[in-house]
Amino acid sequence: MIEAQNTRKEALFVPQNIQRCFQRYEKKYLLNPEQYQKIRAGLAPYMEADEHGRYTICNLYYDTPDFQLIRASLDKPVYKEKLRMRSYGVPADGDSVFVELKKKYKGVVYKRRTVLEAGEALDYLAGRCSPRAKDQICREIDWFLGRYHPVPQVFIAYDREALAGLEDRVLRVTFDIDLRWRDTALDLRSGDGGERITSRDQILMEIKIPGSAPVWLSRLLSENSVFPTSFSKYGVCYRENLMWPVKRHPGKAVRFCA
């Protein structure tokens, strides 16, 4: 099984050669430790760790006060969208973070993101300021903010091992462990601690590719009985922990009950 490393104390980084727009397919798989070991070994001739290896990803998800966006997403519509703030590691005030619009249409994932300082990003999404360097993606985020008036609703972090193809660097496979969440201290600068979302022995694998998977990868998955699943980190967190807050906080007003 993947060993959780001490990534939470490492310096925050912003990926080099920042890609601001993505269009790709993303397939998700839940693995047990035995499946992980077999898949990881099978990937070794074709893939290698990316330039950062293993690291912690921190996310702050924005939604309406009644969770309109995640409720719509869980209904599996043809089109869905969400807004989040993301950092690679825990940022300090002046560190860079991503503000991302992520959309999915007919199975294709489209992601557009801009880079801001952590404090500036929080103020921007709260409507307290406008980015100093405003680009087209910021204008798209402005439209989203004007339509939904979202607020920070949940923090989700996890430790990731990322691989890239030896021949095709666009092919990426990631393994996420120790998925955790909180609905307090909704600021990426407040650390990466939280309560567990999945069981300790579950590993979330994601395959990210612009088109069809190579034959060797399809064969590897089939030989190890690894099949795609529908899994949203925010969606699972909402269903298990936020849909029925009375279970977690007796006496607290219910935000939404499906």
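The values are calculated or read from the model by the stated rules, or taken from the named source; none is laboratory data. Remember, it's a predicted structure, so these values are computed and weren't measured experimentally. When we count neighbours, we look across all protein chains shown, and the Cβ atoms used for this are built from the backbone with ideal geometry, even at glycine. Just the protein is used for accessible areas: all its heavy atoms, side chains included, with ligands, DNA and RNA removed. Shrake-Rupley method; radii C 1.70, N 1.55, O 1.52, S 1.80 Å.
Right, Asp192: over 29 Å from Ala72 (Cβ atoms), in contact (Cβ under 8 Å) with a residue 24 or more places away in the chain and assigned to a loop (DSSP other than H, G, I, E, B) or not? No: the conditions fail for Asp192.
Of all residues in segment 123-145, which are touching an Asp or Glu at 6+ places or on another chain (Cβ under 9 Å) and either open to solvent by 30 Å² or more (accessible area, probe 1.4 Å) or in a loop (DSSP other than H, G, I, E, B) (or both)? Passing the criteria: Cys129, Ser130, Pro131, Arg132, Lys134. Is it true that some residue in segment 94-103 is over 16 Å from the mean Cα position of the chain (by Cα), within 27 Å of Glu26 (Cα to Cα) and buried (at least 17 other Cβ atoms within 10 Å of the Cβ)? Yes, there is a match, as at least one residue in segment 94-103 is over 16 Å from the mean Cα position of the chain (by Cα), within 27 Å of Glu26 (Cα to Cα) and buried (at least 17 other Cβ atoms within 10 Å of the Cβ). Residues in segment 159-179 that are surrounded by 18 or more Cβ atoms within 10 Å (Cβ to Cβ) and not β-branched (Val, Ile, Thr): Asp159, Arg160, Glu161, Ala162, Leu163, Leu171, Arg172, Phe175, Asp176, Asp178, Leu179.
Among residues of segment 165-179 that are within 15 Å of Leu217 (Cα to Cα), those with a Cβ under 7 angstrom from a residue that is open to solvent by 70 Å² or more (accessible area, probe 1.4 Å) and aromatic (Phe, Trp, Tyr), sequence gap 6+ or separate chain, pair up as Gly165/Tyr46; Leu166/Tyr46. Applying the condition of being within 14 Å of the chain's Cα centre (by Cα) and not β-branched (Val, Ile, Thr) to segment 180-197 and asking which residue is surrounded by the most Cβ atoms within 10 Å (Cβ to Cβ) yields Leu188.
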